[in-house]
Amino acid sequence: MSKGRTLGQVTFNQEIGVQIMTREYSEDRLIEQTAIDLFFNQLGWDTLLAYNKETFGEDGTLGRLNKKEVVIKKTVLAKLKQFNPGLPEQAYKLAYEKLIEESSTKSLAEINYEKHQLLRNGIAIDFINDRGEPVKNKTLKVIDFDKAENNHF
């Protein structure tokens with residue numbers, strides 16, 4: 001006697017009392033592929049499916065060292081340079097480090113608020129310019145709100 005029965009695309013396993021969705025109705029198909037279609041086909045965004053196919057390292061698929069890195073360093077640094085030209089390399093690196101800075105003493109709401117402020121208002125940094133002079137509280141733009149097509153998310 002069969003332990004399960006198929007109802008359309010869902011299999012019900014009587015032995016463990018669980019419905020099992022077939023691949024056609026998977027999270028990937030219903031949610032991820034729908035989102036990719038929206039972002040790529042309708043909004044014109046770049047998309048990349050790196051799940052289980054990504055190589056890690058600076059020369060890897062996305063240039064990140066591991067799955068924990070959710071901010072793509074090479075993309076952010078390139079946009080910081082594009083939106084804030086003429087600064088020393090150290091200025092861009094400081095802004096990137098401030099953007100990805102982690103905190104174990106703040107709540108998730110506090111961290112989200114701070115990151116939102118950095119993305120919206122820019123990242124204030126201190127650095128030494130090419131003439132050896134200190135520059136204080138220089139704000140680097142992360143997102144181009146005037147020309148959205150200049151951004152790369």
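For this structure, a couple of remarks:
- Conditions (1) part of a loop (DSSP other than H, G, I, E, B); (2) surrounded by 10 or more Cβ atoms within 10 Å (Cβ to Cβ); (3) at pLDDT below 75; (4) not charged (D, E, K, R): number failed by Met1: (2)
- Extreme residue, farthest from Leu94 (Cα to Cα), among residues of the range 133-153 that are of a type in the set (Lys, Arg) and in contact with a helix residue (DSSP H, G or I) (Cβ under 9 Å, 6 or more places away or on another chain): Lys141
- Close contacts from the range 115-142, counting a first residue that is free of Cβ contacts under 8 Å to residues at least 40 places away in the same chain and crowded, with 17+ Cβ neighbours inside 10 Å and a second that is part of a strand (DSSP E or B) and of a type in the set (Val, Ile, Thr), with Cβ to Cβ under 6 Å and a gap of 6+ residues or different chains, come to Gly122/Thr139.
- Number of the condition not met by Glu114 [criteria: (1) assigned to a helix (DSSP H, G or I); (2) within 28 Å of Phe40 (Cβ to Cβ); (3) modelled with pLDDT of 95 or more]: (2)
- Among the numbered conditions (1) in a helix (DSSP H, G or I); (2) under 21 Å from Phe39 (Cβ atoms), the only one that Gln82 does not meet is (2).
- Filter result (of a type outside the set (Phe, Trp, Tyr) and either closer than 14 Å to Thr139 by Cβ or loosely packed, with under 12 Cβ neighbours inside 10 Å (or both)) within the range 83-96: Asn84, Pro85, Gly86, Leu87, Glu89, Ala91, Leu94, Ala95
- Within the range 56-82, tally of residues that are surrounded by fewer than 11 Cβ atoms within 10 Å (Cβ to Cβ) and of a type in the set (Val, Ile, Thr): 1
The values are calculated or read from the model by the stated rules, or taken from the named source; none is laboratory data. Since this is a predicted model, take the numbers as computed values, not measurements. All Cβ positions, even for glycine, are placed from backbone atoms using ideal geometry, and neighbour counts span all protein chains on display.
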